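Chemist: For reference, the structure I am asking about is given below.
The values are calculated or read from the model by the stated rules, or taken from the named source; none is laboratory data. Since the structure is predicted, the reported quantities are computational estimates derived from the model, not experimental observations. Virtual Cβ from ideal backbone geometry, glycine too; neighbours counted across all protein chains shown.
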Amino acid sequence: MSTLLADTSGLDLSVLRAVNDLAKSSPGWLDTTVSLIGEYGILLGLAALCAVGWLQARRSPGGPVAVAAVLWAPLAAAVCELANLPISSIVDRPRPFVDHPGLDVLISGKAGTLSFVSDHSAMSMAIAIGLYLANRRLGLIAGVLALMQGFCRMFMGVHYPTDVIGGYALAAAVVLLLAPIAMAVLVPLCHSLARTKFGPLLVAATPQTTGGRRRGAEQGRRRRGTARPDEPAQDSDLAA
């Protein structure tokens, strides 16, 4: 039974060979470095960008809303990973090195897995687009990392170019189409959590806020007829 994207010759294979040939002519240490970056490093870098986005969002005027927008980026990556499960099964495309043994494969353990779409590319681009919607500067940095991810997967010999492009397309569809639904759920949730003990995770305390809380507590103590230990006792007007 023929499967979708079964023809792995032509331009798809030519681009893959051109990129993978760079690995054949590179020193071993560079191949190892690119493999680590392409398998783990870029995803860790994107996670760090999400953390930076969260720290900046909780300090913004609309803290809960901004945090909800940043939170959608990693959640969208998880949705892409789940959506890829039925897609990869339907397409049923083997890894490039299965049909083309001449490729230089830089990582083991991929022989029994499917190639389309590239889940690393999909998750990376999902985080990039999600972050761009919340923070353009971080989103652009994440976008560069996502493009590097696609290159690394081809350099490593584990994905065709169309696997990478398919991952990017899946990410764009998930992030943009589901964003209204996600924000409709995440914004009220973050507003609710901001009023609980988890509030500091969504809204950073400011000097004005801290001072206002202290003044409120001070006024409350005075209304109850108590004073701080380090304050001198106030003369009562009734003592005259």
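Chemist: Filter region 151-174 for residues that are at pLDDT below 95, of a type in the set (Gly, Ala, Ser) and under 15 Å from Leu46 (Cβ atoms) and give the result.
Modeler: none
Chemist: Which ranges mark the helices (runs of 4 or more DSSP H) fully within region 34-123 that have 3 or more residues being within 16 Å of Val164 (Cα to Cα)?
Modeler: On the way: elements: 42-57, 63-91, 96-99.
So the answer is 63-91.
Chemist: If a residue has to be small (Gly, Ala, Ser), surrounded by fewer than 21 Cβ atoms within 10 Å (Cβ to Cβ) and over 16 Å from Ala142 (Cβ atoms) to count, how many in region 44-68 make the cut?
Modeler: Filtering region 44-68 for residues small (Gly, Ala, Ser) gives 45, 47-48, 51, 53, 57, 60, 62-63, 66, 68.
Imposing the further condition that a residue be surrounded by fewer than 21 Cβ atoms within 10 Å (Cβ to Cβ) reduces the set to 45, 47-48, 51, 60, 62-63.
Narrowing the set further to residues that are over 16 Å from Ala142 (Cβ atoms) leaves 60, 62-63.
Total meeting the criteria: 3.
Chemist: Just name the residue that is surrounded by the most Cβ atoms within 10 Å (Cβ to Cβ) out of those in region 125-164 that are more than 23 Å from Thr33 (Cα to Cα) and free of Cβ contacts under 8 Å to residues at least 24 places away in the same chain.
Modeler: So in region 125-164, the residues more than 23 Å from Thr33 (Cα to Cα) come out as 126, 129-140, 162.
Next cut, free of Cβ contacts under 8 Å to residues at least 24 places away in the same chain only: 132, 136-137, 139-140.
Numbers: Tyr132: 18, Arg136: 10, Arg137: 13, Gly139: 20, Leu140: 12.
In this case the residue turns out to be Gly139.
Chemist: Moving on. Can you go through Ala184, Ala205, Ala233 and tell me which one is at pLDDT 50 or above, among the hydrophobic types (A, V, I, L, M, F, W, C), loosely packed, with under 14 Cβ neighbours inside 10 Å and not in a helix (DSSP H, G or I)?
Modeler: Details: Ala184 fails: not in a helix (DSSP H, G or I); Ala233 fails: at pLDDT 50 or above.
Only one candidate qualifies: Ala205.
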